[in-house]
Amino acid sequence: MSGGVEIAPLDLDDRAAADELVAVQRASFRVEADFLGTDELPALRESAAAVRASGETFLGARLAGRLVGALGYKRRGGVVDIHRLVVHPDLFRRGIGTALLDALAALEPARRTVVAAGVANVPARRLYERCGFRAVRERIAAAGVAIVELERP
């Protein structure tokens, strides 16, 4: 399916784009919250204004004009830090996450790319591992959620 998906930078100064992102993010993180057994994920309550103020650069995935996924990241020197990767649950496992990660790698070649995911979010971890990421450490985050940090050289 990812062949019909268009990946492009998201302009969150456009309120409609920011609102679309928040809607996809909430739907996606609702699934992660269920995996992790908590409703304490900040992304479930984050506003469009907070997303705009995050300092992240965003790529969006659109299918037939509809935002169906997004990736937010920050670059620090040779390191790209992925802060969020969201796909609408109706379109999980259709290559959208992979397409976003591939687009990021092409747009922002890096010495190292890092990301974190909930240990219990096995589908997200498998996606990152298929895309060349390897677990480097685990930690406990807010609300006692176990997080795995992954990186791709």
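Quick notes on this one:
- Given (1) in contact with a helix residue (DSSP H, G or I) (Cβ under 9 Å, 6 or more places away or on another chain); (2) more than 21 Å from Arg76 (Cβ to Cβ); (3) of a type in the set (Lys, Arg), index of the condition Arg125 fails: (1)
- Test: residue in region 83-93 that is in a helix (DSSP H, G or I), buried (at least 16 other Cβ atoms within 10 Å of the Cβ) and touching a helix residue (DSSP H, G or I) at 6+ places or on another chain (Cβ under 7 Å): no
Residues are listed down the side, and each one gets a yes or a no for (1) aliphatic (A, V, I, L, M); (2) touching a residue at least 12 places away in the same chain (Cβ under 8 Å):
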site: His83; (1), (2): no, yes
site: Leu101; (1), (2): yes, yes
site: Ala106; (1), (2): yes, no
site: Thr113; (1), (2): no, yes
site: Pro123; (1), (2): no, yes
site: Cys131; (1), (2): no, yes
site: Glu149; (1), (2): no, yes
site: Pro153; (1), (2): no, yes
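- Restricting region 128-147 to residues that are at pLDDT below 95 and hydrophobic (A, V, I, L, M, F, W, C), the residue that is surrounded by the most Cβ atoms within 10 Å (Cβ to Cβ): Val145
- Residues (assigned to a strand (DSSP E or B) and either of a type in the set (Gly, Ala, Ser) or under 21 Å from Leu91 (Cα atoms) (or both)) located in region 103-139: Ala116, Ala117, Gly118, Ala135
- If you go through region 105-127 and keep only what is touching a Leu at 6+ places or on another chain (Cβ under 6 Å) and either among the hydrophobic types (A, V, I, L, M, F, W, C) or surrounded by fewer than 14 Cβ atoms within 10 Å (Cβ to Cβ) (or both), you end up with Val115, Ala120.
- Residue in region 119-133 that is farthest from Arg84 (Cα to Cα), counting only those that are touching a strand residue (DSSP E or B) at 6+ places or on another chain (Cβ under 6 Å) and not β-branched (Val, Ile, Thr): Gly132
Matching residues to (1) more than 16 Å from the chain's Cα centre (by Cα); (2) farther than 17 Å from Ala103 by Cβ; (3) touching a residue at least 24 places away in the same chain (Cβ under 8 Å):
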{"position": "Leu10", "(1), (2), (3)": "no, no, yes"}
{"position": "Asp13", "(1), (2), (3)": "yes, yes, yes"}
{"position": "Glu20", "(1), (2), (3)": "no, yes, yes"}
{"position": "Phe29", "(1), (2), (3)": "no, yes, yes"}
{"position": "Val51", "(1), (2), (3)": "no, yes, yes"}
{"position": "Glu56", "(1), (2), (3)": "no, no, yes"}
{"position": "Leu59", "(1), (2), (3)": "no, no, yes"}
{"position": "Tyr73", "(1), (2), (3)": "no, no, yes"}
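- Only one entry in Ala61, Ala70, Ala99 is part of a helix (DSSP H, G or I), out of contact with any His (no Cβ under 6 Å at 6 or more places or on another chain), at pLDDT 95 or above and crowded, with 21+ Cβ neighbours inside 10 Å, namely Ala99.
- Of the criteria (1) modelled with pLDDT under 95; (2) surrounded by fewer than 16 Cβ atoms within 10 Å (Cβ to Cβ); (3) farther than 28 Å from Arg137 by Cα, which one Ala48 fails: (2)
The values are calculated or read from the model by the stated rules, or taken from the named source; none is laboratory data. Given the structure is predicted, the values throughout are model-derived calculations rather than measurements. Because the Cβ atoms are built from the backbone with ideal geometry, glycine has one as well, and the counts that use them run over all protein chains shown.
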